[in-house]
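One structure is given here, and the rest of the page talks about it.
The values are calculated or read from the model by the stated rules, or taken from the named source; none is laboratory data. Quick caveat, the model's predicted, so the values are computed rather than measured. Reconstructed Cβ throughout: ideal geometry from the backbone, glycine too, with neighbour counts over all protein chains shown.
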Amino acid sequence: MNRRIIVRATGIAGVVAAAAYAVSDVLLLGRHADPRQHPALRGLEQVDKPLMPLLAMVPAPTRQLATGALLGVYATPLYLAAAWHIHQGLAPAGPRRALPPALLLAGGLAWTSFAHGSFFHIGRTYQDLEALDGDPHTRQRLLDTAKAFEQATVSAYIPLGAATTAASALILDTIRRGDTAYPRWSAPLIAPLIPITAATALTATNILPGRARYALQGAGVNLGTLVSLTTSTILLWRNRKAGTA
């Protein structure tokens, strides 16, 4: 297959994956849930964090939670193709500089699948916790289960964050040297950590107006990744250096 076609196809795959993950974030967390309407969950600090607004999942239908969780899981192979796409953009700098960040990025994107899918179990547990408010013993068991799910989910984000940070640092350094298929100015956009940080800061605060704030409150990471992969796909679309060592 023509190298340029592979570069374009893997770039598009990454854009589709990031968009699918962002949509699934909206399905899982993209709604406003008034704590006053869920008295059984009031006082539980873990259900309403800015970066993990779990209370937003309680009013959602089970089918919507399942769709949100699985949409991201099913899109993960496309994310892995995107790691190869980034490798093709870095390839002119040589394998020693192109391969490590691509492998780190692939690892981080693969771990995303487990963390994302786990939100379904957390959401359903909190729904049951609210429904069975009258049974103290069952309530405590469900609360312990929810905490265990959350701890497992957070544990997946730790290597994911470490891999993404390391990959971004290597990508920034490699592009800055000027030997890749990317222009030097694009380094802060191609390295995913910077767009992710900016998008998360935007979506986790009160900057966005009304409905947009709640719809996107859990989508910062994948919106940032979408910016990074879209930029890369555009820059490499007609670039003859991509994929050449």
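Being more than 20 Å from the chain's Cα centre (by Cα) and of a type in the set (Lys, Arg) is the filter; apply it to segment 175-220 and report the residue that is farthest from LEU29 (Cα to Cα).
The residue in question is ARG177.
What pairs come up if the first residue lies in segment 143-158 and is over 16 Å from MET57 (Cβ atoms), the second is buried (at least 17 other Cβ atoms within 10 Å of the Cβ), and their beta carbons are under 6 Å apart, counting only those six or more places apart or on different chains?
ALA156/TRP111; ALA156/ALA115; TYR157/ALA115
Run LEU236 past the list (1) buried (at least 20 other Cβ atoms within 10 Å of the Cβ); (2) under 21 Å from PHE119 (Cα atoms) and report the number of the one that doesn't hold.
(2)
Tally up the residues in segment 195-223 that are part of a loop (DSSP other than H, G, I, E, B) and either under 20 Å from LEU172 (Cα atoms) or in contact (Cβ under 8 Å) with a residue 40 or more places away in the chain (or both), please.
Count: 6.
Just to be sure before I move on: is ARG4 surrounded by 16 or more Cβ atoms within 10 Å (Cβ to Cβ) and either within 16 Å of ALA204 (Cβ to Cβ) or modelled with pLDDT of 95 or more (or both) in the structure I sent?
Values: surrounded by 16 or more Cβ atoms within 10 Å (Cβ to Cβ): yes; either within 16 Å of ALA204 (Cβ to Cβ) or modelled with pLDDT of 95 or more (or both): no.
For ARG4, the condition - surrounded by 16 or more Cβ atoms within 10 Å (Cβ to Cβ) and either within 16 Å of ALA204 (Cβ to Cβ) or modelled with pLDDT of 95 or more (or both) - is not met.
Residues LEU193, LEU189, LEU170: which one is farther than 16 Å from THR10 by Cβ and in contact with a Lys or Arg (Cβ under 8 Å, 6 or more places away or on another chain)? Let's see the steps before the verdict.
On the way: LEU193 fails: in contact with a Lys or Arg (Cβ under 8 Å, 6 or more places away or on another chain); LEU189 fails: in contact with a Lys or Arg (Cβ under 8 Å, 6 or more places away or on another chain).
Step by step, each of LEU193, LEU189, LEU170 is checked, and only LEU170 is farther than 16 Å from THR10 by Cβ and in contact with a Lys or Arg (Cβ under 8 Å, 6 or more places away or on another chain).
Name every residue in segment 51-95 that is without any contact (Cβ under 8 Å) to a residue 24 or more places away in the chain and not in a helix (DSSP H, G or I), in order of residue number.
Answer for segment 51-95, where residues must be without any contact (Cβ under 8 Å) to a residue 24 or more places away in the chain and not in a helix (DSSP H, G or I): just PRO61.
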